[in-house]
Amino acid sequence: MTNTLLTDAPLPAFGAIRAEHVEPAIRQLLEENRAAIAALLASGADRWDTLVVPLERMHHRLGKAWSPVGHLNGVMNSDELRAAYNACLPLLTAYHTELGQNAELCAAYQGVADREAAALGAEQRKVVDNALRDFRLAGVSLPAERKQRFGEVMERLATAQAKFDENVLDATNAWSRQVTDERELDGLPANAVHRAREAAATAGQDGWLLALDAPTYQAVLTHAASETLRREFYQAWVTRASDRGPHAGRWDNGPLMAEILALRHEAANLVGFANFAEYSLATKMARDPAEVTEFLLRLARVSRPAARRELEDLERFAGRPLSAWDIAYYSERLKDERLQVSEEALRPYFPLPRVLAGLFTVLGRLYGVRIVANAAVETYHPDVRYFDVLDRDGTPRGGFFLDLYARPKKRGGAWMDECVGRIKLAGASALPIAYLVCNFSPPAGAQPSLLTHNEVLTLFHEFGHGFHHLLTRVNVPSVAGINGVPWDAVELPSQFMENFAWRDEVLPLISAHVETGAPLPREMLARLQASRTFQAGMHTVRQLEFALFDFRLHAEYVPGQPPRIAETLAEVREAVAVVRPPEFNRFPHSFQHVFSGGYAAGYYSYKWAEVLSADAFGAFEEHGVFDAATARRFLGAILERGGSRDAMEAFVEFRGRPPEIEPLLRQLGLAA
Ligand SMILES: [Zn+2]
């Protein structure tokens, strides 16, 4: 039987991937790579063509084999796949550490830098510079004993982080709430009620079964008139994988969090950094911890007074002090009363097929691409569709899998991931392929999925990432698309795209009433736009709370002492928050961005990149949102160049000056 992960097909053959393929395929690829690298070094290869090109090719191949495994583990989780995925994590981590610590290989790259400096293009130079930096960050020049310890730390870290994710997923899946008295569902949107009805039928239960997936959780917190139901959901959600709540202690991430922080600190120390925050910044746009902290505190000074006023206003409206599980509910009612904008009332105007078609039109007008569904490509679930991206003249640029609906065994949230990276080097050629994943409510019966405007923003956001990956012109995979882009600049194209979903020129393209086909009426449009700054202060301080908590947790870690997780969170809240969550709140225990994702000591990146994206979008506001010359410059300076150049230089080339914070403050209605 052939192992489909080892074939050279352009796209994954999802139907043929078996859990038992995974470990043998990865083991074989790692062995082949090790042998090939040893042979290269033995031959004295130290040139771009003889060293870098073969390495880029072998890692492209490894990435392509591993990508569908990681993806399926996230969106079609099963016990077998999870076990296979987990069996490979330590193998891959060990391989990467070994590579990063290979002094001979580092010397060969140094050889390329020294001997070919004049001949290398800027893109090639960046590849070599990044490689040399990463050797240093992996401890290439450490004594053997410390090198080995660094490897052990990284391996254990990968396993601990994966376990953190599993605990969150299991805790989320384990909880649901049966409702038998229909009155308890008062206020809930029809689609949420419909899904709960179906879930109960599937489970052979009476009434309605509300799961703890993100759309249901949001629906309950925002719309359920029953405070009891809201509180139960809130409690279940914010205590997931912790020592509190309905499954207290069952999947408690507490010990893993302590271990993860300790391991990160140790790894940073081993390679010469005072703490993990400094280590994290070594690959980012921000220069040092002080710059990050000052940036966040500056935003806090501007937004906290506004947030305080907004909360007072909200409590006046509610007529009582509000608990954490009341905020979204009363905010929605207040927004409804004051602006006559309700997310639910907007849903019928945003049927998913219309939003997608409009979004494709926007991308076409901006970048001259055509997006065409291709039903011939095999996917991994009936809900998932594949699309080709073509140039104006029909030349293929890449493609993407679109997986939009929430379902059991699928990780929550929304994200873009690389399925295949772009490569065009001697002996290898591939176009970029992406996975675009959301968790929207599935179609209810014959009716298409209807999106809130907030979900429309999420879709635009992920397509922003997707087209950063798909429109790249870079031929070397390690700096193509989002690869090699600093984390704090990677949200620039995504948050940039969100801006379009607020505009007069765009909303008629993406809205059409599900029954009448009418676009969003002008006055509704104006009210929707006015709602953009609604509670912007409260929203901003919440993001600042997450960002400061994450950054300080890593910057202030003291080895040998228990991590100050709850204490740091309390101090940060004291400094920036306005809403005080209840004592049982354990949100860090499910904070995957920071404990298991790539945002450790990097959550600030969202705000950092929001400054960049608001300022970049300002150029479109000045010249027209579909201005061809501006779009061409954005494409040429940023999207097509990926990680092949310095992020600040790219921004300055596009905007003609360094980024400014004022456009973001104006966008949020927080400008002085
Ligand atoms: Zn994003």
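The values are calculated or read from the model by the stated rules, or taken from the named source; none is laboratory data. Everything numeric here is computed off the predicted structure, so don't read it as measured data. Positions of Cβ are generated from backbone atoms using ideal geometry, with glycine treated the same way; all protein chains shown enter the neighbour counts. Note: accessible area is taken over every heavy atom of the protein model, side chains too, but ligands, DNA and RNA are not part of it. Shrake-Rupley method; radii C 1.70, N 1.55, O 1.52, S 1.80 Å.
Relative to the longest principal axis of the Cα atoms of the chain, helix 53-75 runs at roughly 30 degrees. If we count every other residue with Cβ under 10 angstrom of Leu635's Cβ, Lys/Arg +1 and Asp/Glu -1, where does the sum land? Once positives and negatives cancel, what remains is +3. Toward the positive end of the charge dipole of the chain, with +1 on the Cβ of Lys and Arg and -1 on the Cβ of Asp and Glu, the farthest Cα among Thr283, Gln592, Ser242 is that of Thr283. Between the amide H of Arg397 and those of Val389, Leu390, Asp391, distances stay under 5 Å, these residues lying 5 or more places away or on another chain, with hydrogens modeled in the peptide plane. Taking other residues whose beta carbon is less than 10 angstrom from the beta carbon of Tyr435, and scoring Lys, Arg as +1 and Asp, Glu as -1, yields -4. For region 307-338 and region 387-404, write down the distance between their C-alpha centroids in whole Å. Going from one Cα centre to the other spans 44 Å. Here, P(r) means the percent of Cα pairs in each 5 Å bin from 0 to the largest distance; for region 157-305 it is 2, 9, 13, 12, 12, 11, 13, 11, 7, 6, 4, 1, 0.
Computed 3J(HN,Hα) for region 230-238, one whole-Hz value per residue from the Karplus formula 6.51 cos²θ - 1.76 cosθ + 1.60 where θ = phi - 60°, is 4, 5, 4, 5, 4, 4, 4, 5, 7, glycine and proline marked x.
Electrostatic bookkeeping for Arg354 treats Lys and Arg as +1 and Asp and Glu as -1; over the other residues with beta carbon under 14 Å from its beta carbon, the sum is -1.
Rounded, prolate or oblate for the chain? Axes are the square roots of the Cα gyration tensor eigenvalues, ordered a ≥ b ≥ c, and the cut-off for rounded is a/c under 1.5. It comes out rounded by the Cα gyration axes.
Between helix 453-470 and the chain there is an angle of about 10 degrees, using the helix long axis and the longest principal axis of the Cα atoms. A simple spin-label model places the labels of Glu312 and Ala282 4.8 nm from each other, with each point 7 Å out along Cα-to-Cβ. Shown in residue order for region 642-656 are the 3J(HN,Hα) couplings computed by the Karplus curve 6.51 cos²θ - 1.76 cosθ + 1.60 at θ = phi - 60°: x, x, 7, 8, 4, 5, 5, 4, 4, 5, 5, 4, 6, 9, x Hz (x for Gly and Pro).
In this Cβ point-charge picture (+1 for Lys and Arg, -1 for Asp and Glu), the chain has a dipole of about 480 debye about its Cα centre. With a Cα cut-off of under 30 Å and a minimum spacing of 8 residues unless on different chains, the lysine pairs in the chain number 21.
Couplings 3J(HN,Hα) for region 529-543, derived from phi with the Karplus relation 6.51 cos²θ - 1.76 cosθ + 1.60 (θ = phi - 60°), are 5, 5, 6, 4, 9, 4, 6, 4, x, 5, 5, 5, 5, 5, 5 Hz, where x marks Gly and Pro.
Separation of region 455-516 from region 539-612 is 26 Å, based on Cα centroids. A simple spin-label model places pseudo-atoms 7 Å from Cα toward Cβ; at Glu622 and Arg473 they are separated by 2.3 nm.
Packing-based ranking of 278-288, 407-417, 177-187 yields 278-288, 407-417, 177-187, ordered from highest to lowest mean Cβ neighbour count within 10 Å.
Suppose R0 equals 51 Å; then what is the FRET efficiency for Ala290 and Asp79 from their Cβ-Cβ distance, rounded to the nearest 0.05? The calculated FRET efficiency here is 0.65.
Our estimate of slack between Thr516 and Ala575, defined as 0.36 nm per intervening residue step minus the Cα-Cα distance, is 16.3 nm. With the full set of protein chains in place, find how many percent of the accessible area of the chain is carbon and sulfur; take the probe as 1.4 Å. Ligands and nucleic acids excluded, carbon and sulfur give 51 percent. The calculated 222 nm mean residue ellipticity attributable to helices in the chain amounts to -17500 deg cm²/dmol, summing -39500 (n - 2.57) over DSSP H runs of n ≥ 4 and dividing by all residues.
Excluding ligands, DNA and RNA, the accessible surface per residue across the chain is 40 Å² with a 1.4 Å probe.
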